[in-house]
Amino acid sequence: MSTRKPSYTNPKPCKHLSAYKLKHGLSGYKSLQKCLKTTPNGRTSVQNPGTEIPRCSSCNGYQGRLYICLICSSISCSSHALLHTQSEIGHYLAVDIERAELYCCACSDQVYDPDFDKTVMSKHMVDLPYSTNSADSIGERLCERKRLGSGVELVDLKKAEKSALTRDQRAKSCYPLGLRGLNNLGNTCFMNSVLQALLHAPPLRNYFLSDRHNPKTCRKRTANRLCLPCELHGIFSAVYLGDRTPYSPAQFLYSWWQHSENLASYEQQDAHEFFISVLDGIHEKESKARNQIRDTGDCQCIAHRVFSGLLRSDVTCMTCGFTSTTYDPCLDISLNLDTSHCSWSDASNKPVKPNDNSSSSTLLGCLDLFTKPEKLGSDQKLYCQNCEELRDSSKQMSIRKLPLVLCLHIKRFEHSLVRKMMRKIDSYLHFPFSLDMTPYLSSSIVRNRFGNRIFAFEGDESDISTEFEIFAVVTHAGTLESGHYVTYLRIKNQWYKCDNAWINEVDEGIVRASQCYMMFYVHKMLYYKSHEDLSRLPISTRIEAFHRVAGCC
């Protein structure tokens, strides 16, 4: 692990935002309210009354991200937003038309301002349609996106909040405990999507809700250093308290920045890279706190106890048949798609949705490809201990030990040798909700390789459960340049879409049609037992436990 700087400080707010508010106050926010429109499913966007289709004032384009200037209402695409700022001094701040989110053109990055959020949400709650039938109304199935602001009064805010809470009372009560939206703090959908999966991983949830990591007794948190497990404990506490209003994981974000200083910015990051980084941060803190002994090579931190598995690699000499076996721990399994029939997109092209099965893959096919013997190239000759020289070899992967929670990462981003640039694989993946991993265990792979000549396998996994149930899917939509992460959660066989602050029920067909990027499976027994444990947890116990960590929220 790398040594961290003890004098780390949180990033300063955007100087352009501070300058704008000092000069204009909230006048631009209030003027924008009349252009905000909320759809029946709860999404808020900007509609310019002067034109039906917004277009960039520089190139007349209408595709991709478009931003409207808060000062002059000029519209710019992502390619010309900086040009507008350079030509119009002081016109730094704009609003993303599609998502109604604040954007700094000078920094080329999203910025977070509670006052702006309050403006959007007050208009959202005024526009939200009334309905008397909560079973048929999509609006009543939404968890309201109400965020805390700075206390500045805006249009009908208190009245809107009261009416919205009244309309949504029955909708909130029908959702399982733990479903709570996470506010976008500026291009942080990658973080929110992974956090939703972690929050609903049964072993991880049980660990933090049972106070196994207590922030009061944790010695890793100081005035200058935040503790990543402490902040994660705070999110679990806030989410499972029962409050349905969206939560802002800002403190957790700052803690993660301290652990991954090279990624400390509001730029969009890769969700898989973030997932590995968070587990690494938990491991670093927990292993030091436990001061554990690693004679057996097994780490007992909660990250490894939940997600860690063991891969087996067999390299066989193609001359004499000698096999060299190595074992490597893993926190997830990265799978290649069958790219022979895939559609592609890069930073300049939109993804193409496949219209037939020729451009789709299956998860079982990806697992077969992962465990398929592979002949190593002539430039990858390995030293054979039996022949005592470099030989052509073949390699085969298998799974020696399954984790409690199995994370499967689909490799959708790769480097194109032809175009010499990164590209995204837009192929759709068919995946089962129930998954049997028996065919991919080392015992199965080795027996298939040698047949009946082997009657027993060292460390037979027959007593280990190999049946898994899916509980979370992280998807990526869009291109490399402007993509968006969303998580689908499966709770009691009902799917819920978690899109930052928005939570709503969806049919399983919507989940199957999404471009899955990360899939989370848990042991079948744990999946069904977790629902029973959560429903039996006394509310008074939850509140008492959560109040003890209120300072971490």
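The values are calculated or read from the model by the stated rules, or taken from the named source; none is laboratory data. As the structure is a computational prediction, the values presented were derived from the model and not from experiment. Methodologically, a virtual Cβ is constructed for each residue, glycine included, from the backbone with ideal geometry; neighbour enumeration extends over all protein chains shown. Just the protein is used for accessible areas: all its heavy atoms, side chains included, with ligands, DNA and RNA removed. Shrake-Rupley method; radii C 1.70, N 1.55, O 1.52, S 1.80 Å.
When you check D314 against the structure, is it open to solvent by 50 Å² or more (accessible area, probe 1.4 Å), in a strand (DSSP E or B) and modelled with pLDDT of 80 or more, yes or no?
no
In region 497-511, which residues are in contact with a Phe, Trp or Tyr (Cβ under 8 Å, 6 or more places away or on another chain) and either without any contact (Cβ under 8 Å) to a residue 12 or more places away in the chain or open to solvent by 10 Å² or more (accessible area, probe 1.4 Å) (or both)? Quick ask: steps written out before the conclusion?
Within region 497-511, the subset in contact with a Phe, Trp or Tyr (Cβ under 8 Å, 6 or more places away or on another chain) is 497-498, 503-508, 510-511.
Matches in region 497-511: K497, N504, E505, V506, D507, E508, I510.
Checking G483 against (1) open to solvent by less than 70 Å² (accessible area, probe 1.4 Å); (2) under 17 Å from R205 (Cβ atoms); (3) modelled with pLDDT under 90, which test does it fail?
That leaves (2) as the condition not met.
Scan region 64-106 for residues that are farther than 20 Å from C35 by Cα, open to solvent by 70 Å² or more (accessible area, probe 1.4 Å) and either touching a residue at least 40 places away in the same chain (Cβ under 8 Å) or over 30 Å from the mean Cα position of the chain (by Cα) (or both) and report the count.
Residues flagged as farther than 20 Å from C35 by Cα, open to solvent by 70 Å² or more (accessible area, probe 1.4 Å) and either touching a residue at least 40 places away in the same chain (Cβ under 8 Å) or over 30 Å from the mean Cα position of the chain (by Cα) (or both) within region 64-106 amount to 5.
Taking region 174-191 as the region of interest, how many residues are within 14 Å of the chain's Cα centre (by Cα) and among the basic types (K, R)?
Residues that pass the stated criteria total 0.
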